[in-house]
Amino acid sequence: MEKELSLGKALLILALSLVLIVSVGLFVGYKFFWNQYEQVTVDDIQLKAAMEVVKKDPKDPRGHLALGYQYLRRGEKDKALREYQEAQKLAKPDDLAVLFNLGLAYKEIGKKDEAISYLEKVVKKNKWHFLAQYNLALLYADKKEYEKSLKAFEIALRLESGAADVLVSRARVYKDMGEIAKARADVEKALKFVPDYQEALQLKQELAKQQ
């Protein structure tokens, strides 16, 4: 499983590297050779580069993942989802990168059940996938499935015990459950790692008003 996961990561990194290389070429072109009066942002260049990678090899699922990622960064969620779905058609059924990104895309467009379904497939194949566990914890909490949420948080924190954002997110779940002491403990842990973490400081104030 580790070899398969490593290969998947390597291929995705390769696709993103190709996007970076093409981006550099496009940047140089826009900067020195093409229409210098056209307003082009770095995000525009990266999107165009990802499109070029897909155009060059439309059968490579990693290219579609990279393009989907660029769309997601721009807030174009439906386009991102279409690219991830295309990657799913081209990749192996149990490709973790594809399953994970589909889960994130569905989460972003508000389809929580679909997001949970894909992310659960990821953690079934790799229990120690930090981001999948963290996002599952958030999704379970949104559905008020608190026990499932806490289990996912626990695994995520085993992997990244100093993740202040995870600690604060779990603190909010404890707060919703009425477990104020546990919520306060998580907030204090988060502030030890990031003393000026504004979300943690705000939550600390909210919890101070609780009995």
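Here are some notes:
- Centroid-to-centroid, using Cα positions, the range 68-92 and the range 116-177 are 23 Å apart.
- 3J(HN,Hα) along the range 92-100, derived from phi through the Karplus expression 6.51 cos²θ - 1.76 cosθ + 1.60 where θ = phi - 60°, amounts to 5, x, 9, 5, 5, 5, 5, 4, 5 Hz, with x in place of Gly and Pro.
- Translational diffusion of the range 111-155 was estimated from the Stokes-Einstein equation, with Rh taken as the Kirkwood radius over Cα pairs; at 4 °C and 1.567 mPa s the coefficient is 130 µm²/s.
- Cβ-Cβ distance of Glu147 and Glu108, R₀ of 22 Å, FRET efficiency by 1/(1 + (r/R0)^6): the value works out to about 0.30.
- Translational diffusion coefficient (Stokes-Einstein; Kirkwood radius from C-alpha pairs) of the range 124-211 at 37 °C, 0.692 mPa s, in µm²/s: 254
- Exceedance of the 27 Å cut-off in Cα-Cα distance is limited, within the set Lys189/Lys209; Lys79/Lys121; Lys144/Lys209; Lys56/Lys124, to Lys56/Lys124.
- If the chain linking Ile180 and Arg73 were pulled fully straight, counting 0.36 nm for each residue of separation and taking away their Cα-Cα distance, it would gain 35.0 nm.
- Our coupling estimate for the range 116-122, obtained by passing each phi through the Karplus curve with A = 6.51, B = -1.76, C = 1.60 and θ = phi - 60°, is 4, 4, 6, 5, 5, 5, 5 Hz, Gly and Pro reported as x.
- The residues neighbouring Ala171, those whose beta-carbon lies less than 11 Å from its own, together hold a net charge of 0 under the Lys/Arg +1, Asp/Glu -1 convention.
- From phi via Karplus (6.51, -1.76, 1.60), per-residue ³J(HN,Hα) for the range 134-149 in Hz, x at Gly/Pro: 5, 5, 4, 4, 5, 5, 4, 5, 4, 8, 6, 8, 5, 5, 5, 4
We did not get these values from a lab; they are worked out from the coordinates using the rules stated. No experiment lies behind these values; they were computed from the predicted model shown. So basically every Cβ, Gly included, is an ideal-geometry build from the backbone, and we count neighbours across all protein chains shown.
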